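See below for the structure under consideration.
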Amino acid sequence: MAPHVLLIEDEPHIAEAIIFLLRRDGWQVTHLALGAGAVDQARILAPVLVILDQMLPDISGLDILTGLRADPATAHLPVLMLTARGHPRDREAAVRAGADRFMAKPFANAEMMAAVRALCARAIQTDPRPGAA
Amino acid sequence: MPFNLLVLVCLAYVIFLFTVAFWVERRARAGRLGWLRSPLVYTLSLSIYCTAWTFYGAVGYAARSGLEFVTIYLGPTLVFVGWWWVLRKLVRIGRLHRVTSIADLISSRYGKSNALGVIVTVMAVIAATPYIALQLQSVVLSFEAFAAATPPDSPTPGAGSTAIWLTAGLALFTILFGTRNLDAQEQHHGIVTAIAVEAVVKLIALLAVGIFVVWGLSGGLSGIVARIDASPIARWSLDPGRWAGLIFLAGAAVICLPRMFQVLVVENGDDIQLARASWAFPAYLMLMSLFIVPIAVTGLELMPASANPDMFVLTLPLAQDRGGLAMLAFLGGFSSATSMVIVEAIALATMVSNHIVMPLWLRLRPAAGLSGDLRGLVLNARRVSIGAVLAMGYGYYHVSGGSAALAAIGLIAFVGVAQFLPAMLGGIFWRGATRAGAALGLVLGFGIWVYALFLPSFGPDAVLSAQLMAEGPWGLSWLRPEALFGTSDMDPLIHALFWSLLANASAFFITSVLTFPGPVERLQGAAFVNVFDGQVGPQRWEGGAAEPEELLTMAQRILGDEDAQALFEAAARDQGKSRSILPDPTPAFLAALEERMAGAVGAATAHAMISKLVGRQTVTVEDLMTVAHETAQVLEYSAQLEAQRAELARSATALREANEKLTQISVQKDAFLSQISHELRTPMTSIRAFSEILSEGDLPPEMVARNGQIILDEAKRLTRLLDDLLDLSVLESGKVQLSVSLSNLREMIDRAILATEQVKPEKRFVFQRDLASENLFIRTDADRLTQVFINLIANARKYCDAEYPEIRITVRLKAARVRIDIADNGSGIPKAGQGLIFEKFSRLPGELRAKGAGLGLAICREIVANLGGSIAYLPGQGGAAFRIIVPLRIEGGTA
């Protein structure tokens, strides 16, 4: 079965682009446009990777990340954080909350896919989760 | 003179009065009162003191008791000549504390006690009802006098139907002009002017009859002097006790009668009116009394012995076949009766509704103070009260059957209302007067009046049995109604006056000395007694406990939206707040608000309603010290300090506001940078991702088309954002090019509604508009103004969360400025956000990611500023509401 990625992103066009890229590469993708219930979904789906937007209309991406880390079932999941804000402070906040990788929008498609592959590879090698990146 | 003609003239006269009242009301509403507020009109309106009882009755009085009738005019003359001492103070207190009636004055002075208000109201109604009946009777009698002179074959109505038509007509007139609006100061310019006209009519009528009697019937001055010498009136001798008693009584009545209090204090505009009236009103009274004796002696000589001397003014010209003169005399009497009844009904209705109906209603439904349409309730209570007062007057007339007992009722009513005198004068001159003293004095004095004068006036065996009258209750002869404590040789009227006022004043004084006033009472007492000195605030509220928004909601229900908002805005400006229409609930503001509301619903009710929101009124030791020491204060120095302190407080508020704003803006600046970064990066992300996908090639054609469309959409979004930013910077720099033309506001709003239909098209919005008021031509930049409307309506469509969403648009033109309110019925904008929504990229707390870039309202604010107007959030409207004010025509082609 193809590896599963959970994508949480509210901008429909950006989500559409990422889904296209992942599926073309052979991944299975579940997409959520809102932050509500994201932690529960992550527990049920048990994906190999979570791609998380930092700014969602209802809940902050950082809060979701904290929620994921607090739940033993999802604490080890690799998380790739996306943000449209370029400030270094946003990166620090994301790392502090436990993001494995941080990527600013706009990104190069290739760079994004490379990050996804790297995170998954590491997750498969060293399960449970490695130290913070 | 045919009877039908009389009815016709009568009707024409009434229609004329309606027209006058209507015309003045319209001028008053347009703010163009001008000479209608002159001392002349004020003085003439005071002439309701001369009722039909004085117009017709003075002649009868002179025929029966000689010169004694002069006392009725001498009392008021003394009071007015000495206006500096009592009247000036009364009127000043009335204006400063927005007193609505004599009951309100007494209740307000004694700690806003509604119990006292109720006592005074009940007393006034009981004393006034027979007096109103007397007026009805005089009109009926004058109709009958005409009917008697009519050939028997022509139809004349019975006395009963005359009275009932008259009562109904008076009720209609009073309700129409007495309860048009809930005035902050309870003034009725239309009625006052109509009364002034009636005053002129009755003066001319009486003078005309007098001149006719002297020069037409008696051959000039020497003839009338001879006639007076020959008549029994010349043999009348003066009884000093009764003479002094009656002068005192009339003087007391002129300030205590509810209708006199109404025109004298409540309808007063300034001290100049009063100063002028101090000599003009006695002059009027003198003219009114000039020909009384000549008419009386001529009547006694020429008329048959059976003729009623009360009707000489009318029957003398009729007997001499002077139809025109008789008609004039009739109109004079008619004027006297109607003006008295109208003002009395208004004064009593104000008391009944403010002191009985409203408090009762607020007690039965405690929650109602905060909701419901109180203005309508108050007005309806007044209308019903007017009807009830007049119905009681009619009922009394009907039951008493127009008996002769009514003739004496004028003086009897005077004694009844004179009972207010100790509580009133004591209240404004003596700080030590207390509520308990006032209540006990009033009740005791009134009780004696009822027992010793009012009930006996119906005659033996009518109410009190003949046996009781002759021997006293249970055979106790010292309790005989007309000879209390064995004073049987006194005149009954003076007897009752003496005992009732003695008991009243003694109880008032002794109880006041023995009891201790409550805190509110002390403050009010100081404010009333020292009304001319430095201002001891009429009341002290502990500020801060009330929500300004709740206060506004309540004030709107009493004063109306317009006035309440204006009051709040002015107060906010005075406090140095420029960005909110809500002032802080400072003690000073609460006091001002209470005073304004007191003008509409009375002091006690206004006090109770504000207490409901603020909590109990607190009086600190400091307050009491102020009251105790205020005479020792160096007033000028403290006034200067006070002014400086107020100035400092204003600048401090302004500085604090500026500081808060700066802090908020600095916090926002970071948010702004990160926001603009987000707004630019988001569309670029999609554009970049899909461009890369496209450039790799090898895609099915429909995918290529779709991806291209997405890139196009996102590019447009970027452009729009940049356009908005550019627009805003141009608007902010003030270099914007306006294309000014004359355009129709309704078309602009239509266009805006049409343009926003694509926003949330799935939601069904109901628009509430008043197309007639929108039909205005404004000289402005129509496209820019429409852009503001589009923005506000689109926001309402986006954010209104009501189940059945509505958008209400109200337009008002005021002083060359157009006010447009756009409100929805959703949950509105939380208070914390209201100050920030007009800032660029502002986000409401808790809102992470709005649909727009957060520039819309900032642009709106800049546009409206460029159009010479202002836009503000309007709190307390039940949903999100915005108020735009733009000038009706802006100057020049560019701004």
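Each value in this text was obtained by applying a stated rule to the coordinates, not by laboratory testing. Remember, it's a predicted structure, so these values are computed and weren't measured experimentally. Note: ideal-geometry Cβ built from the backbone for every residue, glycine included; neighbour counts use all protein chains shown.
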Packing-based ranking, highest mean first, of B:786-798, B:595-607 given that Cβ atoms within 10 Å are counted: B:595-607, B:786-798
If you rank A:PHE102, B:PHE767 by fewest surrounding Cβ atoms within 10 Å, what's the result? B:PHE767, A:PHE102
What is the distance in Å between the Cα centres of region B:772-811 and region A:69-121? 44
Using the Karplus curve 6.51 cos²θ - 1.76 cosθ + 1.60 with θ = phi - 60°, work out ³J(HN,Hα) for each residue of region B:306-322 in order, rounded to whole Hz, and write x for Gly and Pro. 7, 5, 6, x, 4, 10, 3, 3, 9, 6, 4, x, 4, 5, 8, 6, 9
Based on Cα coordinates alone, diagonalise the gyration tensor for region B:653-733, multiply each eigenvalue by 5, take square roots, and list the semi-axes in whole Å, largest first. 41, 14, 7
Using θ = phi - 60° and the Karplus relation 6.51 cos²θ - 1.76 cosθ + 1.60, list the HN-Hα couplings for region B:587-602 in order, rounded to whole Hz, with x at every Gly or Pro. x, 5, 5, 4, 5, 5, 5, 4, 5, 4, 5, 4, x, 8, 10, x
Checking rank on B:447-456, B:826-835, B:431-440, with mean other Cβ inside 10 Å and highest first, the result is B:431-440, B:447-456, B:826-835
Assuming 0.36 nm per residue, please report the length gained on full extension of the stretch B:GLU549 to B:THR663 beyond their Cα-Cα distance. 38.6 nm
Bin all alpha-carbon pair distances of region A:4-125 at 10 Å intervals from 0 and give each bin's fraction as a whole percent. 13, 52, 33, 2
Averaged over peptide B:684-697, how many Cβ atoms belonging to another chain are found within 10 Å of each residue's Cβ? 5
In Hz, Karplus ³J(HN,Hα) per residue of region B:265-279 (6.51, -1.76, 1.60; θ = phi - 60°; x = Gly, Pro): 9, 5, 8, 6, x, 7, 5, 4, 3, 5, 4, 5, 5, 4, 10
Let me know the Kirkwood hydrodynamic radius for region B:741-887, please, with Cα pairs as the basis and the value in Å to one decimal. 15.5
Two-site label geometry, B:ALA816 and B:ALA305: point separation in nm, points 7 Å out along Cα→Cβ: 7.9
C-alpha long axis of helix B:323-351 to longest principal axis of chain B, angle in °: 50
Take every residue in peptide A:78-85, count the Cβ atoms of other chains within 10 Å of its Cβ, and give the average of those counts. 3
Lysines with Cα under 28 Å of B:LYS669, excluding same-chain neighbours fewer than 8 positions away: A:LYS105, B:LYS577, B:LYS661, B:LYS716, B:LYS735, B:LYS798, B:LYS831, B:LYS840, B:LYS851
Determine the shape class of the protein assembly as shown: with a ≥ b ≥ c the square roots of the Cα gyration tensor eigenvalues, call it rounded for a/c under 1.5, and otherwise prolate if a/b is greater than b/c, oblate otherwise. prolate
After finding the eigenvalues of the alpha carbon gyration tensor for region B:35-408, what semi-axes result from the square roots of 5 times each, listed largest first in whole Å? 37, 24, 18
Please give the Cα centre distance for region B:663-689 versus region B:92-132, rounded to the nearest Å. 66
Using only alpha carbon pairs under 8 Å that are at least six residues apart, calculate the relative contact order of chain A and give it in whole percent. 22
Return a whole-number percent for the relative contact order of chain B, with Cα pairs under 8 Å and 6 or more residues apart as the contact set. 14
Asserting the computed 222 nm helical MRE of chain B (DSSP H runs at least 4 long, -39500 (n - 2.57) per run, divided by residue count, to nearest 500) equals -21000 deg cm²/dmol
Residues whose built amide H sits under 5 Å from the amide H of A:LEU49, excluding neighbours closer than 5 in sequence, are A:LEU6
Which of the aspartates and glutamates could be linked to B:LYS763 by a straight reach, that is with a Cα gap under 16 Å, when you skip same-chain ones fewer than 8 residues away? B:ASP801, B:GLU803, B:GLU806, B:ASP824
Under-5 Å amide H pairs with A:ARG101, H placed in peptide plane, nonlocal only: A:VAL79, A:MET81
Based on the alpha-carbon set only, what is the convex hull volume of chain B divided per residue, in Å³? 214
Shielding score for B:796-807, defined as the mean number of other chain Cβ atoms within 10 Å: 0
Please quote Rg/Rh for region B:277-335 to two decimal places, taking the Kirkwood radius as Rh and restricting both calculations to Cα atoms. 1.05
May I ask what percent, to the nearest 5, of DSSP beta bridges between residues of the protein assembly as shown are antiparallel? 50
